[in-house]
Amino acid sequence: MTDYYPQPRQLPPGPPYMDGGYERPAGDSISFGHILGILRRRYRMVLGLTLLGLAVGGYLAARAPASYEATAVLRMAGERRSLTGEIEPAPELERTTDPILSIAELVRSRSVMAAVVDSLGLQLQSATPEFGIGQLDAIRVKPEATNDSIRVTFYVNGVKARLGSREARARYGEPLDLGNVRFAVKAVPEVSEATLYVIPREMAVDHLLGAINVLHRPDTDILDVKYVSGKPRMAQRVVNTTVLAFRDLNILGAKQKSQRRREFLEEQLKQTDSMLARAQADLASFRSRQQLASSQSALDAAQTYRMTLEGRASELEADRATFGALLGQLKKGGETGEMEALRALASSPAMAENATVSNMFRQLETYQYRVDSMTTGPWKAAPTNPDLIQLKSLIGTTKGQLRQAVSSHVATLDARIKALRNLRAQEGASLQVLPAMAAEEARLTGRVQTLTSASDQVRQEHQKARMAEEVEAGDVDIVNLADVPYVPQWTTTPLKLALGLLLGLMLGTGGAFLLEALNTSIRKPEDLEVALHLPGLAVIPRLTSSAGTAPRRLGGLLRPGKQAELDAKRPNASALGTVSQPFSVGVEAFRMLRTSLVWCEQGDDMKTLVVTSAAPGEGKTLTSANLSVTFAYDGLRVLLIDCDVRRPRLHGLFQVPRAPGLMELLTPTYNESDATQSLTFNPSAGRTDSGRPLTDVIRPTNVRGLSLLTCGALPTNPSGLLSGVRMRVLLQELAKSFDLVILDTPPVLATADAGILASLADGVLLVVRAGQTDRVAAKRAHQQLVNVGARVVGTVLNDPGGEVSQYGDYYYPYDYAVEEQ
């Protein structure tokens, strides 16, 4: 027979971050209220670890010895720069660099600490508590000393020390020389023997670095150097030795810096002088080759001469043009034109400088004047006058001579112009060479001047470096050396107590969060709904038979009459409760569960209901029993069947015999003739197929309307009986006789019985215990039920330990009980 079962109602999948645990606030962050809730739930562990941390801090504070702090004061004064007149350049630092902090780090440098270790012999330690290093004097340990022990024996008049194979003896106050180690014992100690040991130099430096402290006073250039020790004089010696060693190293470093600068400048000065000598020799050699005192002067003279030649040639060319024009006019003939040309020649400055031409022109003027005198006036001569003819002949001769003279002068000008052009060409060739010579000379001269200037500057810096090298001062002054501290340093007890308290609180808080993170159990309804995506039908609080008056004292279910008094005396009375609390919180919880089942999607057609859990001990039996009582109080005919044949509890809860029961009903009887199984179950007949009365198998209870079918005797194959046809037929027949059949089955993950019965029932109710059921187990149980085709109608969160109430964001919605009258 195949039945169709609709899918159970499921919640939509939650956000991914909810699948593994409790719901987180928006933004994947933890709220302050959630943190307080975790601390409240784990307050015992937090309180215990906090008290433990406080106790440890108190113990350490009580064991701490008294300590003394010595303080020396340094000041960044810049005395060296003031003495050297700031001749040493200051280093350029970034704007974020604080010089005072740099000095503080230099005080704690390993070089300073190593100097202190070597000066005080801090490599030497005492392994004998009664004999301290303070009883030694003049301690000297070489840096190359290795780990070794020194056996010291004290006598009345002296002391003996042995280091390896080397032994030394001395009186008190005199030094003992053991090679790498040297020290003196001040006086006779209280012990007869002592053991000293040598630690590596780097280890001693590390110990000192961990104890020395340099602090900067705000808004000043002052540093406080502090050291804490259990011995006052030791603290004073370490601090004073530290500041003195730093001052000496600071002075030594400055002098070494000046020395390196001087040596560098000396080398630079030698190189500069050598380069200057070579440059001067190159300049002299160049001038000697060119036979010039200065190429630039020769270039300037050549350029001036060329300009003079060009000017003179221009003048001659102008005169040549003038005289050429006049000569052409003279050659054209014509008395008027000749006279004008002759007058122009006469007025020319060039002609004025020519004596021959000037004399001819004056002679011509004289002849012309005499001709004019003879040919004008009332007594003018006749043209045939011999004197007149002679004068005209002389005038013609003189003009010819004058033209010849001008032609000669023009030829002379042409020759001079040609000569000037030749000279100008020669000077142009010279000028092409002179600029390169002048540039080379300028380069050589500039190099000599540059090297001369550099040599003078390096010489000045070298003199300054020599002066700075002789200055015995640094940039740090010692304001105060440390005095012997006489008041013990404030104890670190409050600090240690606070640290212990804080550490314990941190460990407790961290442990609380760790346990909370490791706790994968379901702790509240939201966890259950997120893990299984099933509706949470109810939360069952703790049930108790106590009839206290406080509303939070959880009562049980209703019991009529005197039976309640008897049940109160029974060991299982707390499971079903009494009538003393008819409106208790427990009763209301199961009423809410009943209401949720009635109004679920399968509520109308649900005749058989399986109540199961993922694992044992989660309250499925208690839930099925009280749920049956709740339905019976509503007037329904309810049959409660104990199907947990391996660990049955309902017969003890209702105080009835275990057998006969379900297993006897399922055990088949055989017809020997055809060997076929038969089941005859007729409620109206009142007997089973074996003839046993039904009242022996299905028993009434003290709750009206509620009947109980116990599990019966344990068979050899209970799973086979439950999965057989008889079980299916039995459930169908019982569903016709009762309004509701509730089956209490074994846990889903424990046996296969729950899956078998769940596939036969109309619905499955999964019980989960708060704080105990693991999410993975609940998911596996739900998945197994789904795999067999069971219809899981919802879940019940059983909370007998009050786990749900520990969350601040959840309360029992039905925690509302009536007060006693």
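Working only within the stretch 512-535, note down all residues that are open to solvent by less than 50 Å² (accessible area, probe 1.4 Å) and among the hydroxyl-bearing types (Ser, Thr, Tyr).
Of everything in the stretch 512-535, just one residue is open to solvent by less than 50 Å² (accessible area, probe 1.4 Å) and among the hydroxyl-bearing types (Ser, Thr, Tyr), namely SER521.
Restricting to the stretch 119-138, and then to whatever is of a type in the set (Gly, Ala, Ser) and assigned to a strand (DSSP E or B), can you tell me which residue is least open to solvent (accessible area, probe 1.4 Å)?
SER126
Quickly run through the stretch 702-741 and pick out the residues that are in a loop (DSSP other than H, G, I, E, B) and touching a residue at least 60 places away in the same chain (Cβ under 8 Å).
Within the stretch 702-741, ASN702, VAL703, ARG704, GLY705, THR710, CYS711, GLY712, LEU714, PRO715, PHE738, ASP739 qualify.
If I ask for residues that are closer than 22 Å to TYR486 by Cα and part of a loop (DSSP other than H, G, I, E, B), which ones from the stretch 181-236 would you list?
GLY230, LYS231 - these are the residues of the stretch 181-236 that are closer than 22 Å to TYR486 by Cα and part of a loop (DSSP other than H, G, I, E, B).
Quick check on my filter: what residues within the stretch 362-406 are within 28 Å of LEU327 (Cβ to Cβ), open to solvent by 70 Å² or more (accessible area, probe 1.4 Å) and among the basic types (Lys, Arg)?
Across the stretch 362-406, the qualifying residues are ARG362, ARG370, LYS392, ARG403.
Conditions (1) modelled with pLDDT under 80; (2) assigned to a loop (DSSP other than H, G, I, E, B), marked per residue:
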{"site": "GLY508", "(1), (2)": "no, no"}
{"site": "LEU514", "(1), (2)": "no, no"}
{"site": "GLU529", "(1), (2)": "no, no"}
{"site": "VAL539", "(1), (2)": "no, no"}
{"site": "GLU565", "(1), (2)": "yes, no"}
{"site": "PRO571", "(1), (2)": "yes, yes"}
{"site": "ALA575", "(1), (2)": "yes, no"}
{"site": "ALA589", "(1), (2)": "no, no"}
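Against the definition (of a type in the set (D, E, K, R), closer than 22 Å to GLU470 by Cβ and out of contact with any Pro (no Cβ under 9 Å at 6 or more places or on another chain)), how does LYS231 come out, yes or no?
Criteria not met by LYS231.
Find the residue count for the stretch 356-389, including only residues that are hydrophobic (A, V, I, L, M, F, W, C), assigned to a helix (DSSP H, G or I) and more than 20 Å from ALA405 (Cβ to Cβ).
Count: 4.
Counting only residues that are of a type in the set (D, E, K, R) and modelled with pLDDT of 90 or more, how many does the stretch 740-755 have?
1
In the stretch 752-782, what residues are touching a helix residue (DSSP H, G or I) at 6+ places or on another chain (Cβ under 7 Å) and either more than 20 Å from ALA538 (Cβ to Cβ) or β-branched (Val, Ile, Thr) (or both)?
ALA752, ASP753, GLY755, ILE756, LEU757, LEU760, VAL764, VAL767, VAL768, LYS779
Suppose we filter SER707, SER723, SER737 for residues that are farther than 30 Å from GLY617 by Cβ and either open to solvent by less than 60 Å² (accessible area, probe 1.4 Å) or at pLDDT below 90 (or both); which single one remains?
SER737
Quick check on the stretch 422-441: of everything there that is open to solvent by 60 Å² or more (accessible area, probe 1.4 Å) and at pLDDT below 70, which residue is nearest to SER288 (Cα to Cα)?
In this case the residue turns out to be VAL433.
For PRO657, indicate whether it is modelled with pLDDT of 75 or more, open to solvent by 70 Å² or more (accessible area, probe 1.4 Å), part of a loop (DSSP other than H, G, I, E, B) and of a type outside the set (Val, Ile, Thr).
So PRO657 fits the description; yes.
Can you tell me which residue in the stretch 407-418 is modelled with the highest pLDDT, limited to those that are surrounded by 14 or more Cβ atoms within 10 Å (Cβ to Cβ) and of a type in the set (A, V, I, L, M, F, W, C)?
Checking each candidate, the answer is ILE417.
Of all residues in the stretch 139-170, which are surrounded by fewer than 12 Cβ atoms within 10 Å (Cβ to Cβ) and over 55 Å from the mean Cα position of the chain (by Cα)?
VAL156, ASN157, SER165
Can you tell me which condition GLY686 does not meet? The list is (1) modelled with pLDDT under 90; (2) within 20 Å of ARG649 (Cβ to Cβ); (3) open to solvent by less than 60 Å² (accessible area, probe 1.4 Å), and all the others hold.
(2)
Hey, can you tell me all the residues within the stretch 606-654 that are small (Gly, Ala, Ser) and surrounded by fewer than 22 Cβ atoms within 10 Å (Cβ to Cβ)?
Result: ALA615, GLY617, GLY635, GLY652.
Can you name the residue in the stretch 746-790 that is open to solvent by 40 Å² or more (accessible area, probe 1.4 Å) and of a type in the set (S, T, N, Q) and is also farthest from ALA735 (Cα to Cα) among such residues?
Result: GLN772.
Given the structure, is ALA313 part of a loop (DSSP other than H, G, I, E, B), modelled with pLDDT of 75 or more and among the hydrophobic types (A, V, I, L, M, F, W, C)?
no
If GLY504 satisfies all but one of (1) modelled with pLDDT under 75; (2) surrounded by 18 or more Cβ atoms within 10 Å (Cβ to Cβ); (3) under 49 Å from the mean Cα position of the chain (by Cα); (4) over 25 Å from LYS270 (Cα atoms), what's the number of the condition it fails?
Just one mismatch for GLY504, condition (1).
For every residue, the table says whether it meets (1) farther than 20 Å from MET234 by Cα; (2) touching a residue at least 24 places away in the same chain (Cβ under 8 Å).
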| position | (1), (2) |
| --- | --- |
| VAL112 | no, yes |
| ALA127 | no, yes |
| GLN135 | no, yes |
| ILE139 | no, yes |
| ALA168 | yes, no |
| ILE199 | no, yes |
| GLY210 | no, no |
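Restrict the check to the stretch 188-210 and report whether at least one residue is over 23 Å from VAL156 (Cβ atoms), open to solvent by 40 Å² or more (accessible area, probe 1.4 Å), at pLDDT below 90 and small (Gly, Ala, Ser).
Among the residues of the stretch 188-210, at least one is over 23 Å from VAL156 (Cβ atoms), open to solvent by 40 Å² or more (accessible area, probe 1.4 Å), at pLDDT below 90 and small (Gly, Ala, Ser), which makes the answer yes.
The values are calculated or read from the model by the stated rules, or taken from the named source; none is laboratory data. This is a predicted model, so every value here is computed, not measured. Positions of Cβ are backbone-derived with ideal geometry, glycine not excepted, and every protein chain shown enters the neighbour counts. Only protein heavy atoms, including side chains, enter the accessible area calculation; ligands, DNA and RNA are left aside. Shrake-Rupley method; radii C 1.70, N 1.55, O 1.52, S 1.80 Å.
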